[in-house]
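> I have a structure here, written as structure tokens, and I will follow up with some questions on it.
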Amino acid sequence: MALGSNLAGPYTSREALLEAALVAFPAEGLQVTHRSGWWTSAAWPDASAPPFLNGVVLVDAAHDASAVLSALHRIEASFGRDREVANSPRTLDLDLIAYGRQVISGGLTVPHPRAHERLFVMGPLAEIAPGWRHPVSGELAVRLADAAKVGRDARP
């Protein structure tokens, strides 16, 4: 799962908000097993918006992919996420990047259709799981991070 924030909301910082979001995971049946450091990057697609803090976690989930996505949306909502305007500044953005080796299409698309293009996702993923392979392309996380075209400014 990828986490991101470019608005701290009532928290003292984006980092404090993301740390608090991770504390909410277990109540939703999501047990964090590995986590990256926090990476900074310019907002995308509007670089004039506040910069993002991003990270990736690996979790053991007690639910199927659809239920996990619903849990992520509940967590986002509890942190004040407003989904009315796409790609607008937000307190919390949680994305289901992959669900094991499953490929799912329809209402839910897994793996995430654009995560492999984003250094602010693939960089943190490569940090904690360099041998992770994309379920469709088979490419390693480290190679996807090197090839990512979006968020090239992302740094740990």
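> Excluding residue 5 itself, what net charge comes from residues whose Cβ is under 14 Å from its Cβ, given Lys and Arg +1 and Asp and Glu -1?
On the way: positive: 14, 81, 90; negative: 15, 19, 76, 82, 93, 95.
With Lys, Arg at +1 and Asp, Glu at -1, the neighbours total -3.
> Right, next: For the chain, what is the calculated [θ] at 222 nm in deg cm²/dmol (nearest 500), taking -39500 (n - 2.57) for each run of four or more DSSP H residues and dividing by its residue count?
On the way: 4 runs with 42 residues, N = 156.
The helix-only estimate for the chain comes to -8000 deg cm²/dmol at 222 nm.
> Okay, next question. Could you tell me what fraction of 2.2 N^0.38 Å the Cα radius of gyration of the range 86-144 comes to, as a two-decimal ratio?
Values: Rg = 12.0 Å, N = 59, 2.2 N^0.38 = 10.4 Å.
Normalised by 2.2 N^0.38 Å, the Cα Rg of the range 86-144 equals 1.16.
> Right, another one. Could you check the spin-label model distance between residue 152 and residue 20? Points 7 Å from the Cα along Cα→Cβ, value in nm.
3.6
> Can you tell me the order of 26-36, 46-56 when each peptide is scored by its average per-residue count of other Cβ atoms within 10 angstrom, highest first? Provide the component values of the computation, followed by the final result.
Working: 26-36: 15.1, 46-56: 17.9.
Going from most to least packed, we get 46-56, 26-36.
> May I ask you to order 37-43, 102-108 by the average number of other C-beta atoms within 10 Å around their residues, highest value first?
On the way: 37-43: 17.9, 102-108: 10.7.
Put in order of decreasing packing, that is 37-43, 102-108.
> A further question on this structure: For the residue pair residue 77 and residue 114, what label-to-label distance in nm results when each label sits 7 Å from Cα along the Cα-to-beta-carbon direction?
A separation of 2.4 nm, rounded to one decimal place.
> Could you tell me what percent of the accessible area of the chain is made up of carbon and sulfur, with a 1.4 Å probe and every protein chain present?
On the way: 4110 of 7660 Å².
C and S fraction of accessible area: 54 percent.
> Suppose each label sits 7 Å from its Cα in the direction of the beta carbon; what would the residue 66-residue 49 distance come out to in nanometres?
My value for the distance between the label points is 2.9 nm.
> Largest first and to the nearest Å, give the Cα extent of the chain along each principal axis.
Reported extents, whole Å, longest axis first: 40, 34, 28.
> Taking 0.36 nm per intervening residue step and subtracting the Cα-Cα distance, what contour gain separates residue 102 from residue 8 on full extension?
Details: separation 94, 0.36 × 94 = 33.84 nm, distance 3.33 nm.
Gain on extension, residue 102 to residue 8, equals 30.5 nm.
> Can you compute the equivalent ellipsoid semi-axes for the range 15-65, i.e. the square root of 5 times each eigenvalue of the Cα gyration tensor, sorted largest first and rounded to whole Å? Before the final figure, lay out the partial values.
Numbers: eigenvalues 129, 27, 21 Å².
One finds semi-axes of 25, 12, 10 Å for the range 15-65.
> Can you work out the accessible area per residue across the range 1-80, with the rest of the protein chains kept in place, probe 1.4 Å, in square angstrom? Kindly include the intermediate steps, with their values, before the conclusion.
Values: 3610 Å² over 80 residues.
Ligands and nucleic acids excluded, the figure is 45 Å² per residue.
The values are calculated or read from the model by the stated rules, or taken from the named source; none is laboratory data. Being a predicted model, the structure only gives us computed values, none of them experimental. Note that each Cβ is placed from the backbone with ideal geometry, even for glycine, and that neighbours are counted across all protein chains shown. The accessibility values were calculated without ligands, DNA or RNA, using every heavy atom of the protein model including side chains. Shrake-Rupley method; radii C 1.70, N 1.55, O 1.52, S 1.80 Å.
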